[in-house]
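See structure below.
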Amino acid sequence: MGCALIGCGKALPALEVQNDELKALVDTNNEWIVTRTGIESRHIAVEETNLDLAERAAREALGWDEGGWSERRIEPEEIDLLIVCTISGDNLVPSEASSLRMRLGLPNAIAFDLNAACTGFVYGTTVVEALMAASAAGVAGAAGRNPVRRALVVGAERLSRITDWAERSTCVLFGDGAGAGVFEWDEERAGVLGSHLVNEDDPTGALTCALTYDMPVPFSEDGIVPDANAEAAVREKAGNPQQAITMNGQAVFKFAARAMADAVTCVLENAGLSLDDIACIVPHQANERIVKFAAKKLECDMDKFHLCIAHAGNTSAASVPLALADAYAAGRIKRGDKVVLVGFGGGFTSGALVYEA
Ligand code: ACO
């Protein structure tokens, strides 16, 4: 018995921006971007919101719209749990998951957002598996309260809104998109065989994005400052902080390559498997060179990794489910195959999960 993946889907905005087009914004070129990252183009959401992208990916995964892969159509009332993994939700309240629950009309789903940056989908799926296993085992409290038999996990990002389009070292990397997976507890299938999650400190702030609140605050250390406009003027003079991703590329590169190889090694060890047992590895699509570096460390053929970074760029929490849906669409994953999902990102977070398809 286990938590089986029974559907997945993806969404990319219509506008595709080629590397050379970014020359209009920053001093860069196609050759530099392709050689350093493997990215040729990315998709940008102009009118579509993060929620729009999440909804499109979810509908494919649920078998409601064409384009995804699903074993059967899932009815709205069958979903018990909805997790949206994102760092670029449309609102703080309601959560993206609450908004998506209403859009999709999932009457029985509890819904919440999860921020583990680019590792979001691996974290989210691990939470799902744990709740399903607890429900199935009748663990005190868990089974009686919110039994989880079917769950929808979505990764959705509109990173273009938190990208500094004047900073060439970051703006060439990111894109918008969404991916989704539907999971079901199945007495007959193995499903998720193991997972391994890691958090470690990022003491130098190698990867950050501040949350900038814009309302003037009419207080000082001495108490209330009735003229909120005066406070706003002071803040303007000091310079408004930017809500944009900042990154020390080389520090992140070193962390990512090590963390990715370690996560794959640990999850396979925990599950009593070796790389030879694995049909496909779906990694976070941050940079093709990071994947190559990790593959070398693992002594694993690059052919085993499924990449779609060339035309999607780095879509953070959307990246792993988007690539997973792409792998199914390409016919790379068949029933019975063992598949590894591996992520790494801000926090720092990292982790891997292995499942039997
Ligand atoms: N176009 C042209 N030149 C550029 C660009 C650009 N877009 N960006 C930087 N350069 C220049 C730099 O200014 C520098 O010039 P200089 O030597 O004259 O100073 C030169 O290129 C080399 O810069 P480096 O930063 O050393 O380049 P590097 O080989 O490290 O590649 C990169 C940079 C691609 C960002 C790399 O460090 C990387 O991929 N890091 C991983 C970060 C990552 O993937 N983050 C994703 C977000 S986090 C996540 O998903 C986990």
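Every read-out reported here was derived from the displayed coordinates using simple, explicitly stated rules and does not represent laboratory data. Quick caveat: nothing in here was measured; it's all calculated off a predicted structure. Note: ideal-geometry Cβ built from the backbone for every residue, glycine included; neighbour counts use all protein chains shown.
Considering amide H positions built from the backbone, and no H for Pro or chain starts, which residues 5 or more places from residue 177, or on another chain, come under 5 Å of its amide H?
For residue 177, the qualifying residues are 157, 159.
Where is the GNM fluctuation largest for the chain (alpha-carbon springs, 10 angstrom cutoff): 180, 58, 14?
14
Ranking request for peptides 259-269, 277-287: highest mean number of other beta-carbon atoms within 10 Å first, then the rest in descending order.
The most tightly packed comes first, giving 277-287, 259-269.
Tell me, what ³J(HN,Hα) does each residue in the range 327-344 have, in order and in whole Hz, if you take phi through Karplus 6.51 cos²θ - 1.76 cosθ + 1.60 with θ = phi - 60° and put x for Gly and Pro?
5, 5, 4, 7, x, 7, 10, 10, 3, x, 5, 9, 10, 10, 9, 9, x, 7
Which of 69, 185, 32 ends up with the largest GNM mean-square fluctuation for the chain, with Cα atoms connected below 10 Å?
32
Compute the normalised compactness of the chain: alpha-carbon radius of gyration over 2.2 N^0.38 Å, N being the residue count.
Compactness ratio reported: 1.01.
Once phi is turned into θ = phi - 60°, what whole-Hz ³J(HN,Hα) does the Karplus curve with 6.51, -1.76 and 1.60 give for every residue of the range 3-18, x standing for Gly and Pro?
Per residue, the Karplus-derived 3J(HN,Hα) values read 8, 9, 7, 10, x, 8, x, 8, 8, 10, x, 5, 6, 10, 10, 7 Hz.
On the Cα set of the range 192-350, report Rg and Dmax in Å, please.
Using the Cα atoms of the range 192-350, the pair Rg, Dmax is 21.3, 68 Å.
About its Cα centre, how strong a charge dipole does the chain have in debye, to the nearest 20, once Lys and Arg get +1 and Asp and Glu get -1 at the Cβ?
I would put it at about 580 debye.
Quick one: if you stick a label point 7 Å off each Cα along the C-beta vector at residue 335 and residue 65, how many nm between them?
Distance between label points: 2.8 nm.
Cut-off under 18 Å on the C-alpha distance; same-chain residues fewer than 8 positions from residue 297 excluded. Which lysines are left, in chain and number order?
254
Only helical DSSP H runs with n ≥ 4 go in: add -39500 (n - 2.57) per run for the chain, normalise by residue count and round the 222 nm mean residue ellipticity to 500 deg cm²/dmol.
Helix contribution divided over all residues of the chain: -9500 deg cm²/dmol.
Putting +1 on Lys and Arg Cβ atoms and -1 on Asp and Glu Cβ atoms, find which of 220, 69, 156 reaches farthest to the positive end of the dipole of the chain.
Comparing the listed Cα positions along the dipole, 69 ranks first.
Please list, in order along the range 173-190, the HN-Hα scalar couplings obtained from phi with the Karplus expression 6.51 cos²θ - 1.76 cosθ + 1.60 (θ = phi - 60°), rounded to whole Hz, x for Gly and Pro.
3J(HN,Hα) across the range 173-190, in whole Hz: 8, 9, x, 9, x, 8, x, 8, x, 10, 10, 9, 6, 10, 5, 9, 10, 6.
Just the ratio, please: alpha-carbon radius of gyration of the range 164-217 over 2.2 N^0.38 Å, N its number of residues.
Taking N as the residue count of the range 164-217, the ratio is 1.95.
Taking amide H positions as placed in the peptide plane 1.01 Å from N, state which residues far from residue 164 in sequence (5 or more) or on other chains have amide H under 5 Å from it.
245
Looking at the range 285-333, what % of the alpha carbon pairs are farther apart than 16 Å?
Roughly 41 percent, once rounded to a whole number.
Which aspartates and glutamates have a Cα lying under 15 Å from the Cα of residue 334, excluding residues fewer than 8 positions away in the same chain?
Hits, sequence-local ones excluded: 71, 277, 326, 356.
What residue among 312, 178, 327 shows peak mean-square fluctuation when the chain is described by a Gaussian network model with Cα springs under 10 Å?
Sorting by GNM fluctuation, first place goes to 327.
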